[in-house]
1. Working from Cα positions, state the angle (0 to 90°, nearest 10) between the long axis of helix 219-232 and the longest principal axis of the chain.
2. At a 10 angstrom cut-off on C-beta neighbours, averaged per residue, how do the peptides 229-236, 211-218, 331-338 rank from highest to lowest?
3. Please compute the contact order of the chain in relative form: average sequence separation of alpha-carbon pairs under 8 Å and at least six residues apart, divided by the residue count, as a percent.
4. Report the FRET efficiency, 1/(1 + (r/R0)^6), for LEU355 and GLU72, where r is their Cβ-Cβ distance and R0 is 22 Å, rounded to 0.05.
5. For the chain, what is the calculated [θ] at 222 nm in deg cm²/dmol (nearest 500), taking -39500 (n - 2.57) for each run of four or more DSSP H residues and dividing by its residue count?
6. Set the Förster distance to 25 Å, then compute FRET efficiency between GLN122 and ALA98 from the Cβ-Cβ distance, nearest 0.05.
7. Any chance you could run the full-extension gain for GLU196 through ALA369? It's 0.36 nm times the residue separation minus the Cα-Cα distance, nm to one decimal.
8. How do the peptides 39-48, 199-208, 377-386 rank, highest first, by the average count of neighbouring beta carbon atoms within 10 Å per residue?
Amino acid sequence: MPQASMLTDPNPNQTQKTAEISSENIPTIPDNWGMNPLLATLQPYPFERLRQLFAGVNPNPELAHISLGIGEPKHATPEFIKTALISSLDTALSGYPATAGELRMREACAQWLQRRYKIEIQAATQVLPVNGSREALFALAQAVLDPTHPGAKVISPNPFYQIYEGATLLGGAEPYYVANAAENDFSADWDAVPTEVWAQTQLLFVCSPGNPTGKIMPLAEWQKLFELSEKYNFVIASDECYSEIYFRDEPPLGGLEAASLLGNKAFKRLIAFTSLSKRSNVPGLRSGFVAGDAAILKDFLLYRTYHGCAMSGVVQAASIAAWNDEAHVVENRNLYRIKFAQVTPVLAEVMDVKLPDASFYLWAAVPAAWQHSDTDFARELYAAEHVTVLPGSYIGRMAHGHNPGQGRVRMALVAETAECLEAAHRIARFIRSGRPS
């Protein structure tokens, strides 16, 4: 018998037999063993595809690079948020944070919801802090989906935030895409979804204001979705991370607000996601919260307890300060309004583009000279003007014979006004120069 390693019981009062480990009783890893096979279903992230698109391109060296490709807020983080974070360091790092968060954190979120949407919500049971909406959108799907249910489906807008798709696939379900197309004024055609799809649906992702279209869902559309959710018993995940950047006089309608107005004051089968990243210019803080159906959140908290994603106490301290202040949000929104008012007309002279309802994106059609190829347009623009835009086809999927992102580009106006305006003039110059034959 080969020499064995001995693992003895550390408790001398117990008389369990000594465990023996040898090469004879260690299981052999099979040759076909690998990682979770569902990982192979994931598509490359849009920005990886963008890097591949630009590979080998040498942009004009006389022009500084301007990126409109990534929706990463660039406005300055308010000083009072930094101060709140730093002031908490002496006490907030001395213990493990609770997964449910501090009650005062949940109360700050609940109070903001009450002020913003005029709803009643219970901080102790209907609100959970999360490490940004991205983390929570993915995690909720893992908690909600039943992969043992054959043919389980998750409905998603198209184009979309790719986390919806990844969460669906890794949750063992099948995505079903509903186009937000220009011919329907970028609204989803829910009536086109077959009855058999609704019957298999376990989760529906919606995004209002929309990414990339900036479209806001009206109350009638919410009512339709609530009725479908009631009939087919699926959960609605409402991504509302752009809710505080808007260009109308009235703020965008939220999912919880719509539910309350329609009599669903317990928010059954509805979870809303919001974040400080865009509202307060703190994308690196990774702070947001989810709110809604208390029964779902109870199970979601159980999942998160095992998932190990409690929010740090210092992040909670900074977040409480941010949720309790509205003045900086008004100032931030005004900066975007000024910026969009200057940039949009420049681009509208040469492209099919208009001011969105909300969000910080412009969703523009590619001029006919590029045969509506969004990838060709983005690549040639980068080469000629050193400006990055994101091809719309990268955030859409071919479904029902059409990719509604094809032929459009998304431009994130996140930098300072002067830089975004410079990018707009370069794009206009590029289009007016015409495409080389």
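Values in this text are rule-based calculations from the coordinates and carry no lab data. Predicted model, so just to flag it, every value in this text is computed and none were measured. Heads up, the Cβs are rebuilt from the backbone with ideal geometry, glycines too, and the neighbour counts pull from every protein chain shown.
1. Around 30 degrees separate the two axes.
2. Values: 229-236: 17.4, 211-218: 23.5, 331-338: 15.1.
Sorting 229-236, 211-218, 331-338 by mean packing, highest first, produces 211-218, 229-236, 331-338.
3. On the way: 792 pairs, mean separation 97.1, N = 437.
Reported as a whole number, the value is 22 percent.
4. Values: r = 21 Å, r/R0 = 0.97.
So the FRET efficiency works out to roughly 0.55.
5. Working: 16 runs with 168 residues, N = 437.
It lands at -11500 deg cm²/dmol.
6. Working: r = 17 Å, r/R0 = 0.69.
It comes out at approximately 0.90.
7. Values: separation 173, 0.36 × 173 = 62.28 nm, distance 4.15 nm.
The GLU196-ALA369 span can extend by a further 58.1 nm.
8. Numbers: 39-48: 13.1, 199-208: 22.7, 377-386: 20.9.
The packing order, highest mean first, is 199-208, 377-386, 39-48.
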